[in-house]
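Here the structure is laid out as structure tokens; the discussion comes afterwards.
The values are calculated or read from the model by the stated rules, or taken from the named source; none is laboratory data. Keep in mind that this is a model prediction, so the values were computed, not measured. Quick reminder, even Gly has a Cβ in these numbers, built from the backbone with ideal geometry, and neighbours come from all protein chains shown.
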Amino acid sequence: MVIGIGVDVVDVERFARALDRTPALRNRLFGSLDVAHLGSGRAESLSLAARFAAKEAALKALGGNIPDFSWHDIQVSRQPGQAPTLSVAGGASSRAAEKGITTWHLSISHDGPVAIAFVVASGGDSHV
């Protein structure tokens, strides 16, 4: 059963400039799972923008406005050669449990200047 959906789009260059302008932003937004197996240069910018879009999309699927939320509560990981996965902890995990969310479906893409993420949060016995 689908419980929530979310989508977000991020301007890659604008996001990269924000990270360059405010170096502490990277550590505030991304946890250890988010930054594992990243490339460098443009590939890193694309990956971080897509991961941030995924965090925003997941937050939307959760209904937003989570008390004591931290960006580290939602992390995106991707092992080389595998699809990305979404993990929740803290306030995001508590909200997911309240809503009955047991499974996350994540699709990330980037093309040219934009990165996009689409998240489906589901629960119950049905599959999406």
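So the values come out like this:
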{"quantity": "Residue that is farthest from the chain's Cα centre (by Cα), among those in segment 68-104 that are of a type outside the set (S, T, N, Q), under 20 Å from residue 46 (Cα atoms) and surrounded by 14 or more Cβ atoms within 10 Å (Cβ to Cβ)", "calculated": "78"}
{"quantity": "Conditions (1) of a type in the set (A, V, I, L, M, F, W, C); (2) closer than 21 Å to residue 39 by Cα; (3) assigned to a strand (DSSP E or B); number of the one not met by residue 119", "calculated": "(2)"}
{"quantity": "Qualifying residues in segment 10-31 (those that are touching a residue at least 40 places away in the same chain (Cβ under 8 Å) and surrounded by fewer than 18 Cβ atoms within 10 Å (Cβ to Cβ)) - the one nearest to residue 83 (Cα to Cα)", "calculated": "11"}
{"quantity": "Unique residue being surrounded by fewer than 16 Cβ atoms within 10 Å (Cβ to Cβ), more than 11 Å from the chain's Cα centre (by Cα), of a type in the set (Ser, Thr, Tyr) and at pLDDT below 95 when the list is 45, 40", "calculated": "40"}
{"quantity": "Checking residue 58 against (1) free of Cβ contacts under 8 Å to residues at least 40 places away in the same chain; (2) within 20 Å of residue 124 (Cα to Cα), the condition it does not meet", "calculated": "(1)"}
{"quantity": "Unique match (being in a helix (DSSP H, G or I) and more than 30 Å from residue 123 (Cα to Cα)) among 49, 16, 53", "calculated": "16"}
{"quantity": "Some residue of segment 111-127 being touching a residue at least 60 places away in the same chain (Cβ under 8 Å), more than 21 Å from residue 45 (Cα to Cα), surrounded by fewer than 16 Cβ atoms within 10 Å (Cβ to Cβ) and polar (S, T, N, Q)", "calculated": "yes"}
{"quantity": "Counted residues, segment 84-111 - those being touching a Leu at 6+ places or on another chain (Cβ under 8 Å) and either in a loop (DSSP other than H, G, I, E, B) or more than 18 Å from residue 52 (Cα to Cα) (or both)", "calculated": "5"}
{"quantity": "Residue that is farthest from residue 54 (Cα to Cα), among those in segment 69-83 that are free of Cβ contacts under 8 Å to residues at least 40 places away in the same chain and outside any strand (DSSP E or B)", "calculated": "81"}
{"quantity": "Unmet requirement for residue 73, which otherwise passes all of (1) modelled with pLDDT of 95 or more; (2) of a type outside the set (Phe, Trp, Tyr); (3) within 18 Å of residue 114 (Cα to Cα)", "calculated": "(3)"}
